[in-house]
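Okay, so here's the structure we're looking at.
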Amino acid sequence: QVQLVESGGGLVQAGGSLRLSCAASGSIFSFNSMGWYRQAPGKQREWVAGITSGGSTNYVASVKGRFTVSRDNAKNMVYLEMNSLKPEDTAVYYCATTVLGLNYWGQGTQVTVSS
């Protein structure tokens, strides 16, 4: 069983920053790629960023250069540092992983960016 718990969301003005955290259970964490997704009201959930077990990262074009994903395998944590936030970044943010073919999601954390 894998459990993911996000935290760090909140209300921030445009141009501001937030750091999201995702705490993962399970000793296999260090072997898994992790992803951050978001879902805005009325829109489909979209992939935002990913990090492999070795630390390679990828980002959706809309956040590249503003968001940074990182991980601490010793603490079973994944982070999403978000800078230069825009109103269009407003969404519920989720961390996720796939273990033995099963997808696991956290409960999400709300990020609201005011203009």
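The values are calculated or read from the model by the stated rules, or taken from the named source; none is laboratory data. Everything quoted here is computed from the prediction, not taken from an experiment. Glycine gets a Cβ as well: all are built from the backbone with ideal geometry, and neighbour counts include every protein chain shown. Side chains included, ligands, DNA and RNA excluded: accessible areas come from the protein's heavy atoms. Shrake-Rupley method; radii C 1.70, N 1.55, O 1.52, S 1.80 Å.
For a quick check of your reading of the model, give me the residue pairs whose first member lies in the stretch 78-89 and is on the phi > 0 side of the Ramachandran plot, whose second is open to solvent by 10 Å² or more (accessible area, probe 1.4 Å) and among the polar types (S, T, N, Q), with beta-carbon atoms closer than 8 Å and at least 6 apart or on different chains.
From the stretch 78-89, the pairs are Ser84/Ser17.
Pick from the stretch 75-91 the residues that are of a type outside the set (D, E, K, R) and in a strand (DSSP E or B): which of them is surrounded by the fewest Cβ atoms within 10 Å (Cβ to Cβ)?
If we take residues in the stretch 75-91 being of a type outside the set (D, E, K, R) and in a strand (DSSP E or B), then Met77 is surrounded by the fewest Cβ atoms within 10 Å (Cβ to Cβ).
Select from the stretch 49-74 the residues that are surrounded by 17 or more Cβ atoms within 10 Å (Cβ to Cβ) and touching a helix residue (DSSP H, G or I) at 6+ places or on another chain (Cβ under 9 Å) and write down the one among them that is farthest from Glu6 (Cα to Cα).
So, considering only residues that are surrounded by 17 or more Cβ atoms within 10 Å (Cβ to Cβ) and touching a helix residue (DSSP H, G or I) at 6+ places or on another chain (Cβ under 9 Å), the one farthest from Glu6 (Cα to Cα) is Val63.
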